[in-house]
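Below is one structure, written out as structure tokens, with a few remarks after it.
No lab work stands behind these numbers, since they all come straight from the coordinates. The structure presented is a predicted model; accordingly, all values stated were derived computationally and were not measured. All Cβ positions, even for glycine, are placed from backbone atoms using ideal geometry, and neighbour counts span all protein chains on display.
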Amino acid sequence: MSRIATCFAHLKQQNKKALIPFFTAGDPTPSKTVPLMHAMVTAGADIIELGVPFSDPMADGPTIQRSSERALENHVGLKDILGMVQQFRQDNKTTPVVLMGYANPIEAMGYEKFAQQAQAAGVDGVLTVDYPPEECTDFLECLAQHNLDPIFLLAPTTVDARIAAVARAARGFVYYVSLKGVTGSANLDLRAVQTRLSELRRHIQLPIGVGFGIRDGAMAKAMAEFSDAVVIGSRIVQEIENASPETVVARVETLVKSIRTAMDS
Amino acid sequence: MQVYDLPDPRGYFGPYGGVFVAETLMQALEELKLAYEHYRFDPEFQAEFTYDLKHYVGRASPVYYAKRWSEQLGGARIYLKREDLNHTGAHKINNTIGQALLAKRMGKKRVIAETGAGQHGVASATVAARMGMECVVYMGSEDVKRQSPNVFRMKMLGATVVPVESGSKTLKDALNEAMRDWVTNVDSTFYIIGTVAGPHPYPMMVRDFQSVIGHEALAQMPALTGRQPDAIIACVGGGSNAMGIFYPYLGLQDVRLIGVEAAGLGLASGKHAAPLNAGTPGVLHGNRTYLMQDENGQIIETHSISAGLDYPGVGPEHAWLKDSGRAEYVAVTDQEALEAFHDLCRFEGIIPALESSHALAHAAKIAPTMHRDQILLVNLSGRGDKDINTVAALSGITL
């Protein structure tokens, strides 16, 4: 069983929901990435979603755009990030790591080379924002050969026929985008998400995570009531942006811990 | 007449094109595709489009023999397809009329657009004003500075111009921001993309709306010269004016099709905007095409004297035409474009857009190598009034 499947099975036994923090690799500096990952696990994160910076992050709001720009100023590329995951894996064999980013860095590396190196580094899942299932058949084959789970997004606008197609292609879990908008938006409608998730369950057997616009423990707790996982990105990236290099790891750990506590309360 | 029937149903021109967008936009693009497939061959839609092109845009645009300039250069006779004479001063209006008619039929009350030089922004603001739609135009803050007359024009037409401060602050970043707006307001909003790039069906749809240029030329050239030209030359940023004039000529194998990219400070300098000449394939802005990128797949900053060509990608159909060999793609530098700009002013009394000046510069290069009986047709895609600040600044003059 994959690390992601094991993780969700384990949480289910404990009647808990997964907390999935996101941040951009290389932000604020490359040397902080692995310590931040460990700190998140210590604080109660179940899966780490590691952002791969891209020069043109079309689906991201200003907070994550700025974090990508900082990471790129530090010259962090996909190869470096695989190195960071490998380093993380030396001390952590169980927490799943999902890479989240855009198609072009993967296109530039090549599907086979990426899949082979990601598996070797200890990556578990790959979420590529601008690869809808119809456009990545060859890529999916490469991921499958290397036991990497393709994580797909579903949106408020996804129609039933597409939900079924996404469900067929997805492994690990499915990521429901809770609002029409970019990451970090502030127009989240809890009731709409709840209704939508019950519809999605009719098509999807995999665990369903919810993300976009979740900003604090209370919202995370509310979302966890009817989802299997909660993704928090912009709020964490904001904490990284506002912290000094000396305090960043501790501040992020405190933040993630507070969200974990709220979710479990 | 056509040598191929592309794109395929999934929006591909060979390996290029496709629909590479976030899930939230997939349904909106499906709806757009269905709407366009319906109206593409709807006689009533086509009649309204044709009527507007004639009575509002002022089509057909003339073909003009640049006699004095041709004689000065010595060699081939150069003809100009005068898209600069269109309402709003460039070819961009052909496409915005078409998309606005579609937006109206789809019940959208709000349109958004990205713009580089500001010509597409002005053309979008124009059709929105005419149809009583809200219009928001995204424009890189660098471009807002260098194309200030067009910014003011858009505002006079009632549009909101949003300067984009992210990334390189140029056209690609304006496109990113427009996509973000669309994701957020997908139910109410129609995104008028200004070039033959973006996710399917945009490259096909924009090409179709712009192909009025080539269809007119097909009839005009024999009437004027007794035959079709030996070569057609057009500048290529995203590539809409080039696709518009090339497409109806694809089946005429004797007519060379030459796209001219912006070589900026020279291809060797790395400071240019010539993905077909010096880029590699990748995925950006919803389609797979040639891109300017580094070894990590990050998009690199482009440079061109002309804001409209300052873009790191290119329409997927151009990528296909390059690989298939049907069209050739060359590049000319800022300096060469500027010289052609001044020459057309002095010899013909026409102030061309800096974008179009790239096509003119290539014509000036090859005309002297050709015989007097040979004919070049240059797509003069826009007029240069918007560029007078840039040209004045380069000449050390403050207006």
- In whole Hz, with x marking every Gly and Pro, tabulate ³J(HN,Hα) for the stretch B:382-394 from phi via Karplus 6.51 cos²θ - 1.76 cosθ + 1.60, θ = phi - 60°. x, 8, x, 3, 5, 9, 5, 5, 4, 5, 4, 4, 5
- Let me have the relative contact order for the stretch A:3-264, percent, based on Cα pairs under 8 Å that are six or more residues apart. 23
- Note on the structure: Under 5 Å from the placed amide H of B:Thr333, counting only residues 5+ away or on other chains, we find B:Ala263
- In sequence order, what are the phi-derived ³J(HN,Hα) couplings for the stretch B:63-69 according to the Karplus relation 6.51 cos²θ - 1.76 cosθ + 1.60 with θ = phi - 60°, rounded to whole Hz, with x for glycine and proline? 9, 10, 7, 7, 5, 5, 5
- How would you rank B:Ile192, B:Ile350, A:Ile64, B:Ile388, going from fewest to most other Cβ atoms within 10 Å of each one's own Cβ? B:Ile388, B:Ile350, A:Ile64, B:Ile192
- Hz values of 3J(HN,Hα) by residue in the stretch A:242-253 - Karplus curve (6.51, -1.76, 1.60), Gly and Pro given as x: 8, 8, 7, x, 6, 9, 4, 5, 5, 5, 5, 4
- Query: To the nearest whole number, what is the average tally of beta carbon atoms from other chains within 10 Å of the beta carbons of peptide B:291-303?
  - Reply: 5
- Out of A:Val230, A:Val193, A:Val159, any idea which swings most in a Gaussian network model of chain A, alpha carbons joined below 10 Å? A:Val159
- Query: For B:281-288, what's the mean count of beta carbons from other chains sitting within 10 Å of each residue's beta carbon?
  - Reply: 5
- 222 nm [θ] for chain B, helices only, -39500 (n - 2.57) per DSSP H run of 4+, per residue, to 500? -12500 deg cm²/dmol
- Query: Using a Förster distance of 45 Å, how high is the FRET efficiency between B:Thr398 and A:Thr247, based on the Cβ-Cβ distance and rounded to 0.05?
  - Reply: 0.35
- Item | Where trypsin sites (Lys or Arg not before Pro) in DSSP loops with at most 12 other Cβ within 10 Å are excluded, longest remaining stretch of chain B | B:11-226
- Debye log10 I(q)/I(0) at q = 0.07, 0.12, 0.13 Å⁻¹ for chain B, Cα point scatterers: -0.27, -0.86, -1.03
- Task: Just list whichever of A:Lys16/A:Lys221; B:Lys322/B:Lys386; B:Lys322/B:Lys365; A:Lys32/A:Lys79; B:Lys108/B:Lys155; B:Lys271/B:Lys322 have alpha carbons separated by over 19 Å in the model shown.
- Result: B:Lys322/B:Lys386; B:Lys322/B:Lys365; B:Lys108/B:Lys155; B:Lys271/B:Lys322
- Task: Calculate the length of the line joining the C-alpha centroid of the stretch A:208-232 to that of the stretch A:21-42, in whole Å.
- Result: 20
- Query: For the stretch A:1-144, with only Lys/Arg (+1) and Asp/Glu (-1) charged at the beta-carbon, what is the dipole magnitude about the Cα centre, in debye rounded to 20?
  - Reply: 800
- Note on the structure: Kirkwood radius from Cα pairs of chain A plugged into Stokes-Einstein at 4 °C, 1.567 mPa s, gives D in µm²/s equal to 71
- If a/c stays under 1.5 just call it rounded; otherwise compare a/b with b/c (prolate if a/b is bigger, oblate if not). Do that for the protein assembly as shown, with a ≥ b ≥ c from the square roots of the Cα gyration tensor eigenvalues. prolate
- Across peptide A:125-132, how many C-beta atoms of other chains are within 10 Å of each residue C-beta, on average? 4
